[in-house]
Amino acid sequence: MTATSRRAVLAGATALPLVSILSRRGSAAEFSYKLATNLPITHPLSARNAEAAARIKAATNGRLDIAIFPNSQLGSDTDMLSQVRSGALEFFTLSGLILSTLVPLSAINGIGFAFKDNAQVFAAMDGPLGAMVRAEIGKRGLVAFEHIYDSGYRQVTTSTKPINTPADLKGVKIRVPTSPLWTSMFRAFGSAPTSINFNEVYSALQTRICDGQENPLSVIDAGKLNEVQKYCSMTNHMWDGFWLLANKDAFAALPADVQTIATTEFARAAIEQRADVQALNASLRDSLSKRGLVFNDVDPELFRDALRKAGFYAEWKGKFGDQAWSTLESTVGTLS
């Protein structure tokens, strides 16, 4: 998902009860920190982190006051990543696929058709694979909190035909974000992937510059792509999540008990946010169906086999390295 698309995520969704989005900074705060995200205030990630910030402030007796800045208020993803690295920003949530520009290994959770379900995703990302990614993030002067937030699986929509098998993707002009992982995967299926900014996707689909696109249901809904697409194939072809990142020096400056409270509350926020996203996706399928989008489910094994035969997994095993790949396969089974 591009930065622009993430700003659109769930813009029209019903907001969870928010304790506070922009915390009021009291004079008693020993540490006044900022937490920025590219997601809107209605997204479960923003809502749950606002709740966590309120709990942290209460549990620390006001010593740590965290103000939440949603919807890219502090700049683009690139800007905010630079800010958190320099210390101008203390906390920041970012997609692992976007973070891969700095930490290449952080894209490994986006390997096509790697995960069979959410249980596998979080077994890997809360376990050895996530620990390996966090260690790489730590080498860049950042702290990655243990529990990754859920961005969800990506689905393929088209205007021409449903995608039931890998052969159905052959020749399909599909919009993808600018990323080697995306283009590599869809080329392996014989598609014609085209990189287009998200704010141009609706018109590109409307004018048939592209036959289809791929995004989580929340983005399909927010972007009203159902108006210019007929079919939604539940491919679940990529999973992505948001890491909560902290500037290493800023986090180290907090007293040990405050660090523990913050870590505990953000872990709770991540777990609760995951359940929110799963419930929302279930409701969106029903909602989009009622608005005319035709859904179909696919057999992911067919797509895994096609990628294996095309050399996709072998290519990315070489890029990520044997150790990281074997750690991924220890959870999901043999891919390459």
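Here, each number is a calculation from the coordinates, and none is a lab measurement. On a predicted model such as this, the values are computed, not experimentally measured, just so you know. Heads up, the Cβs are rebuilt from the backbone with ideal geometry, glycines too, and the neighbour counts pull from every protein chain shown.
Quick notes
- Qualifying lysines (Cα of each under 25 Å from Cα of LYS319; at least 8 residues distant if same chain): LYS116, LYS139, LYS309
- Mean-square fluctuations from a GNM of the chain, with a 10 angstrom spring cutoff on Cα atoms, peak among ALA119, ALA188, ALA310 at ALA119.
- Counting only aspartates and glutamates at least 8 places from LYS230 when in the same chain, those with an alpha carbon closer than 18 Å to its own are ASP168, ASP211, GLU214, ASP221, ASP286, ASP297.
- Taking the chain and dividing mean pair separation by its residue count, relative contact order in percent (alpha carbons under 8 Å, at least six apart): 23 percent
- The Rg/Rh ratio of the chain, with both radii computed over alpha carbons and Rh defined as the Kirkwood radius, is 0.97.
- Between region 89-167 and region 253-326, the alpha-carbon center distance in angstrom: 6 Å
- Per-residue [θ]222 nm for the chain (sum of -39500 (n - 2.57) over DSSP H runs n ≥ 4, rounded to 500): -13000 deg cm²/dmol
- Remark: region 132-274 carries a charge dipole of roughly 580 debye about the Cα centre, counting +1 on each Lys and Arg Cβ and -1 on each Asp and Glu Cβ.
- Distant-in-sequence amide contacts of LEU89, defined by a placed amide H-H separation under 5 Å and a gap of 5 or more residues or a different chain, comprise VAL84.
- Simple spin-label estimate for ASP117 and SER82 gives 4.5 nm between the two label positions (7 Å along the Cα-to-Cβ direction from each Cα).
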